[in-house]
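Below: one structure, written as structure tokens.
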Amino acid sequence: MDIQIQAVSKEEEEVLHNLMEFYIYEFTKYMSTIKINEDGCFDRFNLDAYWTGRNHHAYFVRVDGLLAGFVLVQSQTEEEPNSIEEFFIMRGYEGKGIGSTVAEQIFAMFPGRWQVRQSEKNERARAFWRNIISKCTKGNFAERFDERNCSIQEFTI
């Protein structure tokens, strides 16, 4: 299985938005506030920073050349650590180690301080991130919960 992380260009923004529809749909089971619009689509993410900012990075995940997901990363600044803003692997690719491989590659691309957060009800995501972060840091990470009970893992790669 060939797993690739490919930078998304501004010209590919519509493809990213299309993939994000699936991602947002998945979140409807955790967040009742997400509603579909009358046109049958969800509200679009504002991706402007990914085309204009030097600390925002959008990537497609491809498996054997086919789109399988995406990752949005905010890279470290003096004030803020690296962070996974959004991470999505399509269901047909789950359980095959693709997400772990992609996460490890992303961490390697942006060495330094990291922060990864998950929604309060998304136990699958919490378990995934705890496992991969523990593996990558040999268990050397801290976890805390914010005021909304979102889990946040902090570590250095």
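Values computed for the structure shown
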item: Hey, PHE45 without any contact (Cβ under 8 Å) to a residue 60 or more places away in the chain, assigned to a loop (DSSP other than H, G, I, E, B), under 23 Å from ASN122 (Cα atoms) and out of contact with any Pro (no Cβ under 7 Å at 6 or more places or on another chain) or not; result: yes
item: In the range 136-151, the residues that are under 19 Å from the mean Cα position of the chain (by Cα), assigned to a loop (DSSP other than H, G, I, E, B) and modelled with pLDDT of 95 or more; result: PHE141
item: Residues being open to solvent by 30 Å² or more (accessible area, probe 1.4 Å) and more than 11 Å from the chain's Cα centre (by Cα) - total across the range 78-99; result: 11
item: Boolean, GLY95 is assigned to a helix (DSSP H, G or I) and either in contact with a Cys (Cβ under 9 Å, 6 or more places away or on another chain) or not β-branched (Val, Ile, Thr) (or both); result: no
item: Residue within the range 137-153 that is crowded, with 16+ Cβ neighbours inside 10 Å and under 22 Å from GLN6 (Cβ atoms) present; result: no
item: Lone unmet requirement of (1) assigned to a helix (DSSP H, G or I); (2) surrounded by 19 or more Cβ atoms within 10 Å (Cβ to Cβ); (3) small (Gly, Ala, Ser) for ALA68; result: (1)
item: Any chance SER75 is open to solvent by less than 60 Å² (accessible area, probe 1.4 Å), closer than 20 Å to CYS136 by Cβ, in contact with a Ser or Thr (Cβ under 9 Å, 6 or more places away or on another chain) and in contact (Cβ under 8 Å) with a residue 24 or more places away in the chain; result: yes
item: Residues that are under 12 Å from the mean Cα position of the chain (by Cα) and of a type in the set (S, T, N, Q), drawn from the range 100-118; result: SER100, GLN115, GLN118
item: Test: residue in the range 47-57 that is of a type in the set (A, V, I, L, M), out of contact with any strand residue (DSSP E or B) (no Cβ under 7 Å at 6 or more places or on another chain), farther than 15 Å from ILE24 by Cα and modelled with pLDDT of 90 or more; result: no
item: Cβ pairs under 6 Å, 6+ apart, first in the range 91-103 and under 10 Å from PHE128 (Cβ atoms), second at pLDDT 95 or above; result: GLY99/ILE89; SER100/ILE132; ALA103/ILE132
item: Inter-residue pairs, beta-carbon under 8 Å, first of a type outside the set (A, V, I, L, M) and in the range 8-21, second in a loop (DSSP other than H, G, I, E, B) and open to solvent by 30 Å² or more (accessible area, probe 1.4 Å), 6+ apart; result: HIS17/ARG44; HIS17/PHE45; GLU21/CYS41
item: Some residue of the range 23-36 being open to solvent by less than 50 Å² (accessible area, probe 1.4 Å), of a type in the set (A, V, I, L, M), farther than 19 Å from GLN115 by Cβ and touching an Asp or Glu at 6+ places or on another chain (Cβ under 7 Å); result: no
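The values are calculated or read from the model by the stated rules, or taken from the named source; none is laboratory data. A quick note: this is a predicted structure, and the numbers were derived from the prediction, not measured. We place every Cβ from the backbone using ideal geometry, glycine too, and count neighbours over all the protein chains shown. Side chains included, ligands, DNA and RNA excluded: accessible areas come from the protein's heavy atoms. Shrake-Rupley method; radii C 1.70, N 1.55, O 1.52, S 1.80 Å.
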